[in-house]
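FYI, it's all coordinate maths here, none of it is from the lab. Computed from a prediction, not measured in an experiment: that's the story for all the values here. Don't worry about glycine lacking a Cβ; one is built from the backbone with ideal geometry, like all the others, and counts go over all protein chains shown.
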Amino acid sequence: MNDLVLHPMKEIRIIISGEHVTFATDLLDRIKATGYTIISNISGKGHHGIHTSHMMFNDMESLVMVITVVPQEKVPPILSGLTPFFNKYPGVMFVSDVAVSRLEYFSGSSPGE
Amino acid sequence: MNDLVLHPMKEIRIIISGEHVTFATDLLDRIKATGYTIISNISGKGHHGIHTSHMMFNDMESLVMVITVVPQEKVPPILSGLTPFFNKYPGVMFVSDVAVSRLEYFSGSSPGE
Amino acid sequence: MNDLVLHPMKEIRIIISGEHVTFATDLLDRIKATGYTIISNISGKGHHGIHTSHMMFNDMESLVMVITVVPQEKVPPILSGLTPFFNKYPGVMFVSDVAVSRLEYFSGSSPGE
């Protein structure tokens with residue numbers, strides 16, 4: 001029955017150029033996100049805004065989406081870690097609510113790891 | 001610090017046949033969504049319902065998922081724009097809550113664009 | 001106008017090894033999920049937790065993400081169906097809120113189907 005309980009977590013999706021994927025995964029390793037999923041070879045356009053004169057991504061550029069699920073308290077360090085990167089390189093980050101059944105797979109960080 | 005504020009937005013995901021991708025991206029351009037991401041070569045089955053006798057998608061057909069993030073007020077025009085399309089062609093649209101850190105990349109539309 | 005109403009549903013995403021995809025889709029067929037989308041050839045690392053000594057996925061293993069949208073009452077049977085599988089094989093499941101415009105495509109099960 002316990003396996004059927006769902007625990008609220010935060011899902012973070014980072015969309016960046018494929019060449020920068022290790023920046024994102026290194027950051028997730030450093031803040032001890034317990035895992036991530038990568039969807040490769042996606043394409044995109046924008047998101048540019050009113051204050052930018054250039055497209056963030058060229059149409060059809062090879063992008064990756066890095067998806068991770070973390071406890072709420074790990075969202076600010078991920079956001080902080082990405083901010084200087086996003087000031088130099090194109091990319092977006094989405095945060096959304098998600099629930100997971102096996103909490104220990106997402107919240108843990110091994111001692112001394 | 002300001003970069004760490006998260007702004008609530010709406011994420012729209014449109015799943016359609018690959019041959020129709022420009023219909024979706026043209027619609028998003030027209031309502032001035034500031035960008036989108038496309039995941040290609042996905043497959044699917046359904047969603048058919050009780051009132052339809054045919055499968056919406058054939059198993060393993062080549063589909064695309066078009067993802068965009070927009071302010072709440074752009075959801076109805078996207079939905080309106082897709083309705084006549086969905087009356088003729090298979091496809092589904094999901095709307096969900098998402099938060100983004102750099103609001104100007106998602107809400108803007110350049111004057112005179 | 002009716003087409004513009006959005007109905008709250010649950011989105012379930014299952015990430016497993018590609019070799020096990022039919023386990024997930026058979027389960028979804030059995031509980032009469034009305035459809036699903038599969039994103040193939042994704043990669044991942046983790047999610048391992050404090051109580052497991054092994055990585056759930058090897059880095060860069062070929063994974064699939066199976067996405068379905070169902071009414072709330074179908075979440076527990078999917079979770080129950082996956083629990084014994086997840087006790088043997090690596091995999092994760094995310095549940096999140098989503099809204100859909102055409103309810104009949106997601107909640108239906110044909111009589112006698």
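For peptide B:30-38, compute the average count of partner chain beta-carbon atoms within 10 Å of each residue's beta-carbon.
6
Here each label is just a point 7 Å from Cα along the line to Cβ, and for C:Q72 and A:S40 those points are 4.1 nm apart. Here the Karplus relation 6.51 cos²θ - 1.76 cosθ + 1.60, evaluated at θ = phi - 60°, turns the backbone of the stretch A:4-14 into coupling constants of 8, 6, 9, 10, x, 9, 10, 9, 10, 10, 10 Hz, with x for every Gly and Pro. The Cβ shell under 11 Å around C:P71 holds other residues with a net charge of +2, Lys and Arg each +1, Asp and Glu each -1.
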